[in-house]
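The values are calculated or read from the model by the stated rules, or taken from the named source; none is laboratory data. The structure displayed is predicted, hence computed values, not measured ones. Because the Cβ atoms are built from the backbone with ideal geometry, glycine has one as well, and the counts that use them run over all protein chains shown. Accessible surface areas use protein heavy atoms only, side chains included; no ligands, DNA or RNA. Shrake-Rupley method; radii C 1.70, N 1.55, O 1.52, S 1.80 Å.
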Amino acid sequence: MKLKWLLLLALASAAGAQDLPLYTCWKTTQPVIVDGKGDEAAWQEVDPVDLVDVSFLSGDRYHTRRTEARMLWDEQYLYFYFSAADPDVWSTYGQRDMQLYEEEVLEIFIDPDGDGQNYAEVELNPLNTVFDLLLTKPWSRSGKGYGTWNPALLSAVQITGTLNNAADVDQSWSAEIALPWAGLASPPLDIAGPRSLPPQAGDEWRLNIYRFERVRQNGTQSEEQASAWSPVGKVDFHVPERFGRVVFGNRLTAVEAQSWGLVKVAGEKPATP
Ligand SMILES: [Ca+2]
Ligand SMILES: [Ca+2]
Ligand SMILES: [Ca+2]
């Protein structure tokens, strides 16, 4: 009987995992300059994901203000690049660990071993202010949060438009974050557990990306656009069961890839009679 239940549970979780988005996070051998701009060749070579409305599990509803995210990794860092369309970029919180989620913000949730416990939350606002926290489990399950966690992450924001000026029309804000692997195993909570840091090629982690876009009219918020990479069915970002799947991959360097391309092209030349 016990075995049967275990089997059913395993089948249920396998079925659940099937509708979660999967992203291959490629290793970069080229440097990523954390300046908020995604103009590195490394970023151009990897696929973006489009965030969807967090509330609809079908994952086919997009907000009017689109958000794109990309991920990369190397021996030292896990990198994120975001591009968020936004005709009115605003923010007031300027100090680390302020309640950024009340305003416009990009958020990353990371659960390395995917057990739904001991996960990290990293947020960034258009002022390049960071909110970072470790949680033992979701708040709804009496989780405990450690805001004192301040890993040595690098971040930068680029605004195409003007910050905190509702009188003109902005285009977007973009951001880069480099999160050091070492930070995921540092006190007060080792969230990596037995997971390799940095990960090994083929390792799968659970992770989600969110955004709060807060539309203002005449100085007051008129609409909230909450989006996610993996939608969770409601406006609650602390749903680790719904975090997407990230598989870490190795890849050839751009130079190697290019030479391989040349070799391949050369090899495909028709044989001279
Ligand atoms: Ca950059
Ligand atoms: Ca906005
Ligand atoms: Ca913190």
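Taking residues in region 147-173 that are at positive phi and within 16 Å of ligand 1 (Cβ to nearest atom), and partners anywhere that are hydroxyl-bearing (Ser, Thr, Tyr) and in a loop (DSSP other than H, G, I, E, B), not one pair has Cβ atoms closer than 6 Å while being at least 6 places apart or on different chains.
Scanning region 219-244 for residues that are among the polar types (S, T, N, Q) and touching a residue at least 40 places away in the same chain (Cβ under 8 Å) yields Gln225, Ser227, Ser230. Restricting attention to region 146-177, the residues that are among the aliphatic types (A, V, I, L, M) and within 16 Å of ligand 3 (Cβ to nearest atom) total 4.
Taking strands (runs of 3 or more DSSP E) as the structural unit, those lying wholly within region 25-113 and holding at least 3 residues that are under 21 Å from Asn250 (Cβ atoms), modelled with pLDDT of 95 or more and more than 16 Å from ligand 3 (Cβ to nearest atom) correspond to 67-73, 77-85. The set of residues in region 186-226 that are of a type in the set (Gly, Ala, Ser) and surrounded by 19 or more Cβ atoms within 10 Å (Cβ to Cβ) comprises Ala192, Ala226. Kindly indicate whether Ile191 is of a type in the set (Val, Ile, Thr), within 17 Å of Leu179 (Cα to Cα) and assigned to a loop (DSSP other than H, G, I, E, B). Criteria met by Ile191.
Scanning region 151-165 for residues that are part of a loop (DSSP other than H, G, I, E, B) and either open to solvent by less than 60 Å² (accessible area, probe 1.4 Å) or touching a strand residue (DSSP E or B) at 6+ places or on another chain (Cβ under 6 Å) (or both) gives Pro151, Ala152, Leu153, Gly161, Thr162, Leu163, Asn165.
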